[in-house]
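For reference, the structure I am asking about is given below.
The values are calculated or read from the model by the stated rules, or taken from the named source; none is laboratory data. Given the structure is predicted, the values throughout are model-derived calculations rather than measurements. Quick reminder, even Gly has a Cβ in these numbers, built from the backbone with ideal geometry, and neighbours come from all protein chains shown. Note: areas computed on protein heavy atoms with side chains; ligands, DNA, RNA excluded. Shrake-Rupley method; radii C 1.70, N 1.55, O 1.52, S 1.80 Å.
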Amino acid sequence: KQEVTQIPAALSVPEGENLVLNCSFTDSAIYNLQWFRQDPGKGLTSLLLIQSSQREQTSGRLNASLDKSSGRSTLYIAASQPGDSATYLCAVTGDYKLSFGAGTTVTVRA
Amino acid sequence: EAGVVQSPRYKIIEKKQPVAFWCNPISGHNTLYWYLQNLGQGPELLIRYENEEAVDDSQLPKDRFSAERLKGVDSTLKIQPAELGDSAVYLCASSLGTHTGELFFGEGSRLTVL
């Protein structure tokens, strides 16, 4: 069974600092990995999708890397802003199932 | 383009009452998912549809939960009777395909069972 872990569970940084969020998974036989953002009381918003054949994806201030062999993905958010405060979840697709981590809750202090 | 639409956003019921949630996926998305999310946890899959066929319902508590996706578009998730432990957020998502498609979520339906 795929296990997805996100450490730390919570993170607080001052505005302007770069954010580094980690995601690890136990089974490297995945089709893709997706990063989501969730605001309190809201659904999940897709940020980046990395196919298993890719090493990274970029969108604006966001960059996500994927190392399938070591079972790791990292989401980088450059020059953080208070509006980046949210919970960030990663999810991997493998064996017809999408498995989620519990998320990292980020607070960006103004 | 409209996103995934869910209703109701909030529902408060007493235990043993029935409740139903509705989901309209993004147009053209063949794959539809229902997830359950408890506070502080990631979503957990309840059921996955490919068009109108439920291809993965192994995590659906079938004694009280049921779902349908008529005509392969809209879907309804029902709980009858509801229990206190069913209080959670029920999320609907859709994608073009299971393996490569990006997943898009609705706002969720928050259920409180008293």
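I'd like the full set of residues that are open to solvent by 10 Å² or more (accessible area, probe 1.4 Å), over 11 Å from A:TRP35 (Cβ atoms) and in a strand (DSSP E or B), limited to the stretch A:69-87.
A:ARG72, A:THR87
Condition first: more than 7 Å from chain A (Cβ to nearest Cβ), surrounded by fewer than 19 Cβ atoms within 10 Å (Cβ to Cβ), of a type in the set (D, E, K, R) and not in a strand (DSSP E or B). Can you find one or more residues in the stretch B:74-95 that meet it?
Yes, the stretch B:74-95 has at least one match.
Select from the stretch B:47-62 the residues that are aliphatic (A, V, I, L, M) and either within 20 Å of B:TRP22 (Cβ to Cβ) or more than 9 Å from every other protein chain (Cβ to nearest Cβ) (or both) and list them in ascending order.
B:ILE47, B:ALA54, B:LEU60
Is it the case that B:GLU44 is farther than 26 Å from A:GLY101 by Cα, surrounded by 12 or more Cβ atoms within 10 Å (Cβ to Cβ) and either within 14 Å of chain A (Cβ to nearest Cβ) or touching a helix residue (DSSP H, G or I) at 6+ places or on another chain (Cβ under 8 Å) (or both)?
Answer is no for this residue.
Take the stretch A:5-21 and flag every residue that is of a type outside the set (A, V, I, L, M, F, W, C), within 14 Å of chain B (Cβ to nearest Cβ) and open to solvent by 30 Å² or more (accessible area, probe 1.4 Å).
Residues satisfying the conditions are A:THR5, A:PRO8.
Please verify whether B:TRP22 is in a strand (DSSP E or B), modelled with pLDDT of 95 or more and buried (at least 19 other Cβ atoms within 10 Å of the Cβ), treating the condition exactly as stated.
no
Could you run through the stretch A:22-44 and say how many residues are within 11 Å of another protein chain (Cβ to nearest Cβ), of a type in the set (D, E, K, R) and closer than 19 Å to A:ILE7 by Cα?
2
When the stretch B:96-114 is examined, which residues are found to be touching a Lys or Arg at 6+ places or on another chain (Cβ under 8 Å), open to solvent by less than 60 Å² (accessible area, probe 1.4 Å) and farther than 14 Å from B:VAL19 by Cα?
Those that are touching a Lys or Arg at 6+ places or on another chain (Cβ under 8 Å), open to solvent by less than 60 Å² (accessible area, probe 1.4 Å) and farther than 14 Å from B:VAL19 by Cα: B:THR98, B:GLY108.
B:VAL5 versus (1) away from chain A (no Cβ under 14 Å); (2) open to solvent by 50 Å² or more (accessible area, probe 1.4 Å); (3) at pLDDT 95 or above: which is the lone unmet condition?
If we test B:VAL5 against (1) away from chain A (no Cβ under 14 Å); (2) open to solvent by 50 Å² or more (accessible area, probe 1.4 Å); (3) at pLDDT 95 or above, just (1) comes out false.
Could you go through the stretch A:88-104 and let me know if any residue there is away from chain B (no Cβ under 14 Å), touching a residue at least 12 places away in the same chain (Cβ under 8 Å) and part of a strand (DSSP E or B).
No, the stretch A:88-104 contains no residue that is away from chain B (no Cβ under 14 Å), touching a residue at least 12 places away in the same chain (Cβ under 8 Å) and part of a strand (DSSP E or B).
Of all residues in the stretch A:45-62 being loosely packed, with under 13 Cβ neighbours inside 10 Å and outside any strand (DSSP E or B), which is nearest to the other protein chains (Cβ to nearest Cβ)?
Among residues in the stretch A:45-62 that are loosely packed, with under 13 Cβ neighbours inside 10 Å and outside any strand (DSSP E or B), the one nearest to the other protein chains (Cβ to nearest Cβ) is A:SER53.
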